[in-house]
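Laboratory data are not the source of any read-out in this text; all were calculated from the coordinates shown. As the structure is a prediction and not an experimental result, all values here were calculated from the model. Note that each Cβ is placed from the backbone with ideal geometry, even for glycine, and that neighbours are counted across all protein chains shown.
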Amino acid sequence: MRHTAKAFTLVEILIVVIILAILAGVAIPQIGGVTEVSRETNLKENLSKIRAQIQVYRNQHDAFPDGDEFADQMTKYTNFEREVADTGDQDYRYGPYLEQMPPNPVTKDATIRTASGADQHFPPGDADGGWWYNEVTGAFYADLTDDHEDDLGNPYNRF
């Protein structure tokens with residue numbers, strides 16, 4: 001009696017490899033799109049939270065944060081005169097409004113470019129950076145060039 005070993009033939013293995021390649025060809029572009037969508041969603045969430053906290057700051061201090069001290073005034077304790085302290089007490093009882101200044105999810109940059117003109121409504125769109133803040137109007141946007149867009153062609157720096 002002859003015993004034959006049970007094994008896959010070369011043709012069966014090739015068919016499995018081809019099927020896996022087809023599945024990978026379909027799935028990998030979908031995963032790449034998810035990364036872009038999550039980055040866009042994260043950008044929108046960061047903008048929403050920061051803008052809300054800017055309004056809380058304005059309500060408590062009767063003014064918007066200073067452009068040069070924006071990150072400190074948003075992440076540390078402040079008094080009504082907008083002076084900053086690392087710890088809170090009866091004088092420095094406002095804030096912190098943000099735990100930390102989040103980086104822009106598109107560029108991973110947390111720097112803040114400041115504008116001080118009431119007529120400046122949006123970032124100029126000439127450089128990729130972190131954030132853009134107008135200390136007169138309280139406008140806060142992603143500091144990106146106009147080529148960063150969503151699927152509908154809306155630039156990220158106008159979100």
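Relative to the longest principal axis of the chain, what angle (0 to 90°, nearest 10) does the C-alpha long axis of helix 10-61 take?
10
So between residue 45 and residue 159, what do we pick up on full extension, going 0.36 nm a residue minus the alpha carbon distance? Let's see the in-between values first.
Numbers: separation 114, 0.36 × 114 = 41.04 nm, distance 1.05 nm.
Gain on extension, residue 45 to residue 159, equals 40.0 nm.
Calculate the all-directions average of the projected area of the chain's alpha-carbon convex hull, and give it in nm².
Details: hull surface 65.5 nm².
Result: 16.4 nm².
Taking the Cβ of each residue in 26, 37 as the centre, tally the other Cβ atoms inside 10 Å and list the residues starting with the fewest.
On the way: 26 9, 37 12.
So the ranking, lowest neighbour count to highest, is 26, 37.
Binning at 5 Å from 0, report for the stretch 109-154 what percent of all alpha-carbon pair distances ends up in each bin.
With 5 Å bins starting at 0, P(r) equals 6, 24, 28, 22, 14, 6, 1.
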